[in-house]
Amino acid sequence: MAKRGILEHEKTLELADYLGIPEIYVVGVLEVFWQWVARYHHDGDVTGTKPAVLARAIRYPGDPLQLSPALDRL
């Protein structure tokens, strides 16, 4: 469940701008990403995960090569 205030957080807004998607979609991307990391990368380290695998795992329909650097900015 997304935390209160995430929709207005500056990092959410920056990520939305970087990915070129609405803020509400970014909240979904982040929520699915956090759930996937919690389930498969308990230490939070996703280093070495191929961009295409990460994008597919979290159901991100955009450019996988744009997603990884965008998440690194957080």
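The values are calculated or read from the model by the stated rules, or taken from the named source; none is laboratory data. All values derive from a computational prediction rather than experimental measurement. No Cβ is skipped: glycine too gets one built from the backbone with ideal geometry, and neighbour counts run over all protein chains shown. These accessible areas exclude ligands, DNA and RNA; they are computed on the full protein's heavy atoms, side chains included. Shrake-Rupley method; radii C 1.70, N 1.55, O 1.52, S 1.80 Å.
The residue that is least open to solvent (accessible area, probe 1.4 Å), among those in region 24-74 that are of a type in the set (D, E, K, R), free of Cβ contacts under 8 Å to residues at least 12 places away in the same chain and part of a helix (DSSP H, G or I), is Asp72.
Somewhere in region 9-22, is a residue touching a helix residue (DSSP H, G or I) at 6+ places or on another chain (Cβ under 8 Å) and open to solvent by 100 Å² or more (accessible area, probe 1.4 Å)? Within region 9-22, not a single residue is touching a helix residue (DSSP H, G or I) at 6+ places or on another chain (Cβ under 8 Å) and open to solvent by 100 Å² or more (accessible area, probe 1.4 Å). Among the residues making up region 1-23, those that are outside any helix (DSSP H, G or I) and not basic (Lys, Arg) are Met1, Ala2, Gly5, His9, Gly20, Ile21, Pro22.
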